[in-house]
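The structure under discussion appears below in the form of C-alpha cells.
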Amino acid sequence: MSKLKICLRHISEVFLYEYYCLGKDEYEISGEDTLTPHKEKAKELLLAGNYSGAQKEYLDAHFDNPVDMEAILGVIHCCKQLGDVEGEYSYTTESYNYCCTRAELAAYYRNLGWYYLEKYEPEISAACYLYSKYFEESKQADAELEFLKKAVGRDISNKDLPQIQKILGDNKIPTEANSVTLALLYKAAEEAANTGDKEQALDCYRMVYDLTADDEVGKRIQEI
C-alpha cells in the first residue's frame, strides 16, 4: 500500500500536520511542489469570478497540505462568495489550529464575524470584528462594524477589551492563540535549531513571539 504524499515545505508544517491531521496512516513528504500550481490556478479563477472552480483548486491544495493557511483562507473566501455559511464556519473553526501569526488570528476572528453576521447575531459578530483589530487593523473589519451600526440602529462597537472577551467567552470562542499550536511551533523551533537549520528555527521562534511577545522566546531569537 502506497504512503500518502503530503506537500510540506517547513518544519512547522510537519509538526502541525503530524499532531492535528495524521491518523494511523503513514505518509511521506512529496518531493514535488504540488501546492503552488493549485493556488495559482485558484487565483486566476477568482479574478475571472469563477468561485466554484477556484474553490475546487483551493480544496485540492488543502488536500495536498491540510495545514497551509493560504489554501484554507482561499476555501473560506469562496464559501462566502458562494453563500455557503456552514461551510465557511466549518473551515474557519478548523483554521484556528493553524493560526501561527497575529495576521492569521485576525483573519480567524474576521471570518467568525462574517459567520455570526450571516446568522443574525450582531453582538457576537461585532465582538469578533472588534477583537480582530487587536491583532491587525483592517478596513474590512471597520466596514463591517459600520454596517452593523447602521443595521442595528445603534453603536454596538463601543466596548472595551474585557467586555469583548466576555462575549467571545460566553459563546465558546477562544480569545488567544491555541496553546497546543504554540507548543508545537516552539518544539519545531528547537528541533530546527538542534539540527543547525537556523533559518527555520528563527521562523518558528518568530511565529511564537508574534503571538505571545514572550521575553524568553525573544532572547532565543537574539541568540540565533
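Provide a single number: the residues in the stretch 79-106 that are in a loop (DSSP other than H, G, I, E, B) and buried (at least 20 other Cβ atoms within 10 Å of the Cβ).
Filtering the stretch 79-106 for residues in a loop (DSSP other than H, G, I, E, B) gives 83-84, 99-101.
After this cut, where a residue has to be buried (at least 20 other Cβ atoms within 10 Å of the Cβ) as well, the list is 99-100.
Here the count works out to 2.
Yes or no, residue by residue, for (1) touching an Asp or Glu at 6+ places or on another chain (Cβ under 9 Å); (2) among the basic types (Lys, Arg); (3) open to solvent by 60 Å² or more (accessible area, probe 1.4 Å):
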site: LYS5; (1), (2), (3): yes, yes, yes
site: PHE15; (1), (2), (3): yes, no, no
site: GLU28; (1), (2), (3): no, no, yes
site: LEU47; (1), (2), (3): no, no, yes
site: ALA54; (1), (2), (3): yes, no, no
site: PHE63; (1), (2), (3): no, no, yes
site: ASP68; (1), (2), (3): yes, no, no
Mind checking which residues of the stretch 146-181 are open to solvent by 40 Å² or more (accessible area, probe 1.4 Å), within 18 Å of the chain's Cα centre (by Cα) and aliphatic (A, V, I, L, M)? VAL180
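Looking at the stretch 1-24, which of its residues are of a type in the set (D, E, K, R) and under 14 Å from MET69 (Cβ atoms)?
Correct list: ARG9, GLU13.
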For LYS139, state whether it is open to solvent by 80 Å² or more (accessible area, probe 1.4 Å) and among the basic types (Lys, Arg). yes
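Just give me the residues in the stretch 8-38 being within 16 Å of TYR98 (Cα to Cα) and part of a loop (DSSP other than H, G, I, E, B), in sequence order. Please lay out each step first, then the result.
Residues of the stretch 8-38 that are within 16 Å of TYR98 (Cα to Cα), as a first pass: 8-22.
If the condition is that a residue be within 16 Å of TYR98 (Cα to Cα) and part of a loop (DSSP other than H, G, I, E, B), then LEU8, ARG9, HIS10, CYS21, LEU22 are the ones that fit.
The values are calculated or read from the model by the stated rules, or taken from the named source; none is laboratory data. On a predicted model such as this, the values are computed, not experimentally measured, just so you know. Backbone-built Cβ (ideal geometry, glycine too); neighbour counts: all protein chains shown. The accessibility values were calculated without ligands, DNA or RNA, using every heavy atom of the protein model including side chains. Shrake-Rupley method; radii C 1.70, N 1.55, O 1.52, S 1.80 Å.
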